[in-house]
1. Would you say Asn60 is of a type in the set (S, T, N, Q), more than 19 Å from Ser13 (Cα to Cα) and surrounded by 16 or more Cβ atoms within 10 Å (Cβ to Cβ)?
2. For the range 30-59, give me the residue count where each residue is free of Cβ contacts under 8 Å to residues at least 24 places away in the same chain and in a helix (DSSP H, G or I).
3. Pairs only if they're at least six apart or on different chains, beta carbon under 6 angstrom, first in the range 1-29 and open to solvent by 100 Å² or more (accessible area, probe 1.4 Å), second assigned to a helix (DSSP H, G or I) and hydroxyl-bearing (Ser, Thr, Tyr); list them, first residue then second.
Amino acid sequence: MELAVTIFGWAASICMVLGYLPQAVHTIRTRSTDSIAMPTFVMMGLGGIFFIVQGVLLSNWPLVVTNVITSLCSIIITAIKIYNDYLRRRP
């Protein structure tokens with residue numbers, strides 16, 4: 001049973017990262033953030049950080065690995081979004 005839980009955990013991790021990474025790569029390459037909702041990525045980043053803490057406390061490494069990667073992607077996308085929306089467009 002424990003092996004099945006581990007396999008499903010790692011499978012979920014791979015799916016989450018592969019689902020999230022294309023958006024991050026696209027945003028980094030194009031620097032286009034017009035269609036990205038800031039609150040979404042802020043909340044996803046915060047949720048990821050909380051999951052990292054939970055994963056460490058539970059020693060659930062698939063949860064930690066997945067959320068480290070997705071949180072970093074959220075932070076990068078949010079930073080580009082802040083730059084595009086607030087810093088680049090200053091008069």
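The values are calculated or read from the model by the stated rules, or taken from the named source; none is laboratory data. Worth saying up front: this structure is predicted, and the values here are computed from it rather than measured. Using ideal geometry, Cβ is built from the backbone for each residue, glycine included, and neighbour counts are taken over all protein chains shown. Note: areas computed on protein heavy atoms with side chains; ligands, DNA, RNA excluded. Shrake-Rupley method; radii C 1.70, N 1.55, O 1.52, S 1.80 Å.
1. no
2. 16
3. Met16/Thr66
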